[in-house]
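FYI, it's all coordinate maths here, none of it is from the lab. Not measured: the values here are computed from a predicted model. Cβ: placed from backbone, ideal geometry, glycine included. Neighbour counts: every protein chain shown.
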Amino acid sequence: MQNKGSLIEGYDGDLALVDLQTRRTITDTDTWTRVGWTPYDGMELTGWPMYTIVDGKLVHKREAGGSLRGIPVASPGSAGRALEFA
């Protein structure tokens, strides 16, 4: 993959910022999948991604205590590009 894996000038600015203190229990209603369920239903996890940044642009965020699904900030396809393998 080109331009991935480092936070340096000239590389893609793709990262997730994680709140390492947040504890949440996963439920089937939290999923965005077509099947509507998850094998992780009922599991309590520590650490939760709060911001997702693609190509230097904020594309998704969550608020502390808010919905596990979070809030899409950017339109699909408006940031990033297909991966290129060298």
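Structure summary
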item	result
In nm, spacing of pseudo-spin labels at Leu58 and Asp41 (7 Å Cα→C-beta vector)	3.4
Leu7 paired with Thr31, simple spin-label distance in nm, labels 7 Å along Cα-to-beta-carbon	3.3
Residues with amide H under 5 Å from that of Met50, placed H, sequence gap 5 or more	Leu17, Val18, Asp19
Unit charges on C-beta of K, R, D, E only; dipole of the chain, Debye	140
Label assignment, mean projected area of the Cα convex hull in nm² derived from the structure, set [x] 8.6; [y] 5.8; [z] 7.0	[z]
